[in-house]
Amino acid sequence: MVCGFPVGRITIRRSLRWCKKHLVELRKYLPLKNGIASPSTACRLLSGMDGELFALEFMEWIGETVSTKGIQLVIDGKALRGSMEKVKGFRTPMVLNAIDVMTGLILAQLPIRDKDCEMKALPELLKLLDIQGSTVTTDAIGTQTMEQILSQKGYFY
């Protein structure tokens, strides 16, 4: 099911449908002897998971799979407008993304409370990445992290 999200299937049902369509290919990497789970099984599995721990483990796996050295990274905060009604108080959830410019892949992501918290979360996001030799681009709010980027042997633009 995790395979569906990176290819744009943002709901559980769409992600599972994508996995079923690509079952032969997925079996090259995973046994999947019982096939793809049902939506209710996937929901039960996801409801018992620690979302923050999963996100950190997923980012660690991406870091092992895709090298962040010597690439161009864009770091930017985004509002998840479509999920606003699902959050208490109807505040728009926001995330801070580190995106590989060449592939468009999000290499790391942290939730933030609002636009003001982006400045506080940016150093934490950079700590998750090996940016040695990479060019890092941020908007104006990220200029305060220039020293950290340079200390991690990256380039600031």
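Take 106-113, 123-130 and order them by the average number of nearby Cβ atoms within 10 Å per residue, most first; the result is 106-113, 123-130. Taking square-rooted eigenvalues a ≥ b ≥ c of the alpha carbon gyration tensor, is segment 27-66 rounded, prolate or oblate, where a/c under 1.5 means rounded and, failing that, a/b exceeding b/c means prolate? Oblate is the answer for segment 27-66, as a/c is 1.5 or above yet b/c matches or exceeds a/b.
Here, each number is a calculation from the coordinates, and none is a lab measurement. Please read these numbers as outputs of a predicted model, since none were measured by experiment. Glycine also receives a Cβ, built like all others from the backbone with ideal geometry; neighbour counts cover every protein chain displayed.
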